[in-house]
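Q: Just dropping this structure here.
The values are calculated or read from the model by the stated rules, or taken from the named source; none is laboratory data. Since this is a predicted model, take the numbers as computed values, not measurements. Because the Cβ atoms are built from the backbone with ideal geometry, glycine has one as well, and the counts that use them run over all protein chains shown.
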Amino acid sequence: MPAWSELSPYDRLVNTNMIEPRAYQISIIKSVNSGMNTLVILPTGLGKTLIAVFAIAKALNEGKNAIILAPTKPLSEQHYNSLSSLLNVDKGILLLLTGQLTGKKREELEAHARVIAATPQTVANDLRNGRLSLKDFSVVVFDECHRAVGRYAYAYIADECKLRGVQLLGLTASPGGDTKKIETLMKKLDIQNIEIRISTDGDVAPYVMSKEMTTLYVENSSTINTILSTLKPVIEEHLGNLYSKGLSPFKHFDNMSKSRVLEIGDNINKIQAQNYKFSVLFDYTYLLNLTHAYDLASTEGLYPFISYLDSLEGRESKSRGVRSLLSNASVRSALNMAKTAAASGDEHPKMALAISVLKNMLAGKSVIVFAQYRSTIKRLVELFNANGISARPFVGKKEGITQGQQQQTINDFRDGKFKVLVATSIGEEGLDIPAVDAVILYEPVPSEIRNIQRKGRAGRMKFGQVIVLVASKTKDEKYLLISRLREKRMRDLVLKIKQKFEANAVGEAGAGKGQRTLSNLANG
């Protein structure tokens, strides 16, 4: 049987009395404690935080300091609370670092802290401004490390760590769906060691809770179909204009994806001739705004559709294209149809289905409903509560919500003061709610990382349910297929890396001790 004493002397700095020792965690911790920059890929809910705690305990035992980073403030606070309860140290050496504190105050606190839990933006700013030095730090933990790409603050901090010889520990359940993405991540974190576990591994499988996966389909109402058929000729007219000028690879709207629409915009932005650019922007304004409105009506609801067009109307400054769009007879007709239907209580059939599912499911259970748009979330919360389902929204600071309000919502949800949390993407990585029984995805998302994060909110401590709502013959069906293919591709890639890594455990000839490149691992 595994025992925490295998990690001596660091186990003395960790409160392990109430935690069952798991063989895979002890094995991974030993590997991390070798000192190499390590990427840990572990399914959601299997104790990545404890691995980080032991890495921090090792730093403290050696007289060094440590940082643990998380992409959201709620998750940073969660890590701080975990450190407070799990580390056998004076709580005065622990610091929760957020941008709410002034720079001078942060500098004072950082000077005395041994362990910092923070968002990357705050740490990056303090490193740039000289308020924080990594001189006395031996490890930095990057939770949800798949974000360490591009210009995100994780990338800057990783560069600073590499310059100063600080060990990097990356934790993630979803590293990315292709070799290039993972190779970029590993290069950014200068990964020398990989620890991968998948749900079917013998030492992990006993701790993986099963999930019931269900996809429910709805047919759009005649009202919504009429609205869509009214908008489609207008979209096709302006798409056709762009096609005839060589700016769109597609002539018909049915073949268009959101990414293709944005690519057209990128191509227009590269046009140097200002008069010509101005003329094609008129068509592009129609295309961009009406395809979004069309998607809202077809997959989200009448309220989100109305809210979006009303937001265009409410702009103080409107381009010629927007003014023309808002006065277009077909667009006005579609909007009036939507408002008339909404006033009589009509809505997207997915909303009625969500209500039905929750009423049949609840009975003391807690549920997270994920939705893409805040207008959808607002309407869902209204309808849930009107139908006797206690629900609250969970949205980000862009919607004017403070960190304190976010945390209070999480606490109230955990305490059972309401049963349904309706969340934007902020809920994908920023929640610590182990008792969640089910997740409802109001719409499929094409990102494999976001899909895994969302589904991972359910079934952490016990059996869970994941339900996906899909509007037939809409982009929902396409996104559902894409997400499944990408998720499978990521699982296959992770498994391939794991197999190659184990086969190359001795190390590649010419590489440093323990070093293997992703190209060697993934391509054999």
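This table checks each residue for (1) in contact (Cβ under 8 Å) with a residue 12 or more places away in the chain; (2) under 30 Å from D126 (Cβ atoms); (3) not hydrophobic (A, V, I, L, M, F, W, C).
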site	(1), (2), (3)
W4	yes, no, no
S8	no, no, yes
V14	yes, yes, no
P21	yes, no, yes
I29	yes, yes, no
S34	yes, yes, yes
P43	yes, no, yes
I51	yes, yes, no
L60	yes, yes, no
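Q: Taking I224 as the residue in question, decide whether it is touching a residue at least 40 places away in the same chain (Cβ under 8 Å) and part of a helix (DSSP H, G or I).
A: Yes.
Q: Anything in the range 1-25 that is farther than 21 Å from L171 by Cβ, of a type outside the set (G, A, S) and in a loop (DSSP other than H, G, I, E, B)? List them, or say none.
A: M1, P9, N17, M18
Q: Scan the range 82-109 for residues that are touching a residue at least 60 places away in the same chain (Cβ under 8 Å), within 21 Å of D11 (Cβ to Cβ) and exposed (fewer than 14 other Cβ atoms within 10 Å of the Cβ) and jot them down.
A: S85, N88
Q: What's the total number of residues in the range 247-269 that are among the hydroxyl-bearing types (S, T, Y), farther than 12 Å from E236 by Cα and surrounded by 14 or more Cβ atoms within 10 Å (Cβ to Cβ)?
A: 1
Q: Applying the selection to the range 347-395, what residues are within 15 Å of L216 (Cα to Cα) and part of a helix (DSSP H, G or I)?
A: If the condition is that a residue be within 15 Å of L216 (Cα to Cα) and part of a helix (DSSP H, G or I), then P349, K350, M351, A352, L353, A354, I355, S356, V357, L358, N360, M361 are the ones that fit.
Q: Scan T98, T102, T44 and give me the residue that is of a type in the set (S, T, Y) and in contact with a strand residue (DSSP E or B) (Cβ under 9 Å, 6 or more places away or on another chain).
A: T98
Q: Here's something else I'd like to know. Of these, A158, A124, which one is in the same structural domain as L39 (by TED's automatic domain parsing), in a helix (DSSP H, G or I), out of contact with any Leu (no Cβ under 7 Å at 6 or more places or on another chain) and not charged (D, E, K, R)?
A: Step by step, each of A158, A124 is checked, and only A124 is in the same structural domain as L39 (by TED's automatic domain parsing), in a helix (DSSP H, G or I), out of contact with any Leu (no Cβ under 7 Å at 6 or more places or on another chain) and not charged (D, E, K, R).
Q: Which ones in the range 437-454 are modelled with pLDDT of 75 or more and either β-branched (V, I, T) or in a loop (DSSP other than H, G, I, E, B) (or both)?
A: Hits for the range 437-454 are D437, V439, I440, Y442, E443, P444, V445, P446, S447.
Q: Same structure again: If F370 satisfies all but one of (1) out of contact with any strand residue (DSSP E or B) (no Cβ under 7 Å at 6 or more places or on another chain); (2) at pLDDT below 95, what's the number of the condition it fails?
A: Evaluating F370 over (1) out of contact with any strand residue (DSSP E or B) (no Cβ under 7 Å at 6 or more places or on another chain); (2) at pLDDT below 95 leaves (1) as the failure.
Q: Any residue in the range 184-203 that is free of Cβ contacts under 8 Å to residues at least 40 places away in the same chain and under 30 Å from M337 (Cα atoms)?
A: For the range 184-203, residues free of Cβ contacts under 8 Å to residues at least 40 places away in the same chain and under 30 Å from M337 (Cα atoms): absent.
Q: Here is a further query. Identify, from the list V14, V40, the residue that is under 25 Å from D492 (Cα atoms), buried (at least 19 other Cβ atoms within 10 Å of the Cβ) and out of contact with any Cys (no Cβ under 6 Å at 6 or more places or on another chain).
A: V40
Q: Looking only at the range 247-283, how many residues end up being in contact with a helix residue (DSSP H, G or I) (Cβ under 9 Å, 6 or more places away or on another chain) and among the small types (G, A, S)?
A: The total comes to 3.
Q: Kindly indicate whether T119 is in the same structural domain as T38 (by TED's automatic domain parsing), polar (S, T, N, Q) and touching a Lys or Arg at 6+ places or on another chain (Cβ under 7 Å).
A: The answer is yes for T119.
Q: So how many residues does the range 396-423 have that are surrounded by 13 or more Cβ atoms within 10 Å (Cβ to Cβ), at pLDDT 85 or above and in a loop (DSSP other than H, G, I, E, B)?
A: Summing the residues that are surrounded by 13 or more Cβ atoms within 10 Å (Cβ to Cβ), at pLDDT 85 or above and in a loop (DSSP other than H, G, I, E, B) in the range 396-423 gives 2.
Q: Within the range 110-138, can you find the residues that are touching a Cys at 6+ places or on another chain (Cβ under 9 Å) and touching a residue at least 60 places away in the same chain (Cβ under 8 Å)?
A: F137
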